1. Once the Cα atoms of the range 232-339 are picked out, what are the Rg and Dmax in Å?
2. On a 0 to 90° scale, report how tilted helix 13-26 is relative to the longest principal axis of the chain, with both axes built from alpha carbons and the result rounded to the nearest 10.
3. Among 203-210, 168-175, 268-275, how do they line up from the highest to the lowest mean number of other beta-carbon atoms within 10 Å?
4. Compute the relative contact order of the chain as a whole-number percentage, counting only Cα pairs closer than 8 Å that sit 6 or more residues apart in sequence.
5. For all pairs of alpha-carbon atoms in the range 284-357, what percent lies in each bin of width 5 Å, listed from the first bin to the last filled one?
6. Which of the peptides 137-150, 332-345 is most tightly packed, and how do the rest follow, judged by the mean count of other Cβ atoms within 10 Å per residue?
7. Considering only DSSP beta bridges with both partners in the chain, what is the antiparallel share in %, to the nearest 5?
8. Roughly what angle does helix 133-145 make with the longest principal axis of the chain, taking Cα atoms, 0 to 90 degrees, to the nearest 10?
Ligand code: NAD
């Protein structure tokens, strides 16, 4: 038995968590689920959206399947999602984007993987507000030490990229490529402009690539990468990007395969891994047994592969693909007309997937 924490989340979370759990169980994967609460719904009970008992369960088990959690606005609580990623140092965000027959999209046969560095870059949260004293001090220092001048009415965000963080995310990407039988890794950057941050990223990626001669390696400048993905997505395989470009290209790639309803994801580090859909808690659909459970179920597929349960993962992915291809027992968002009365609910779509296994 493998222990896994199931975080049921809030909004549409509990419904899709139940659907995903039942689908994973139907593969025979022998998971011992530790069900744990988090999110807006438990704020009253625990005084925090992330009870210690929930986080402790994730720390202990090292693997969690997590339904979406609302980020409360203006309550003083930070994002539970960001907090867990930072505390567990989940440095690689994995977003496979694959076409499934039956999902409406402009493209067919897309099979891409985005690996986003999760801890550095402009997302490091090192920011200086316009007009603040420390900002003025920083601007004075910069103007003294640089030929380029920074205007005194600037706000500043810092973009750190380190050798160590770049090395570990590329090792992760190459190891993933090897394990999953992928052929190529592309390092994405803007090294021609940002020589000391993206330039370092490129240099380190080239060094790490030397240790993986069995996997093809190349690099692309991020703006060109965007155009190539729209024109010739079939040329690419695993793409590795610093945090900000990774955020943007993840959405671009999700768009290539039909959007949020089918976009799974994972945040992975040495201390653990959290598998979750790319979409959020869609609060206005909560409790209606209406939304699409596919993204979280496919996150379950990623989790099974992470746990080396390859046959179970393949079985579940095939069952999901079959139900989507048939187009009968699918939720409203997968129908050509969103008001199609033949659309089924979250639970019924999961039942149809289970029936295919
Ligand atoms: P959202 O993804 O929750 O919803 C946007 C819209 O997408 C929904 O109104 C709905 O039309 C559609 N949608 C989303 N999931 C769907 C599904 N499974 N099936 C069918 N349609 C679906 O984005 P949002 O409204 O910006 O965010 C709501 C809350 O979720 C916010 O508090 C946000 O911070 C949070 N959030 C959490 C996570 C996470 O837990 N990892 C991720 C993103 C957003």
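1. Every Cα atom of the range 232-339 included, Rg and Dmax give 15.1, 45 Å.
2. Once rounded, one gets 70 degrees.
3. The packing order, highest mean first, is 168-175, 268-275, 203-210.
4. Numbers: 716 pairs, mean separation 84.5, N = 357.
For the chain, the relative contact order is 24 percent.
5. Spelled out bin by bin, the range 284-357 gives 3, 17, 25, 23, 16, 10, 5, 1 percent.
6. 332-345, 137-150
7. Given both bridge residues lie in the chain, the antiparallel proportion sits at roughly 40 percent.
8. 60
Every read-out reported here was derived from the displayed coordinates using simple, explicitly stated rules and does not represent laboratory data. Model, not experiment: these values are computed from the prediction. Glycine also receives a Cβ, built like all others from the backbone with ideal geometry; neighbour counts cover every protein chain displayed.
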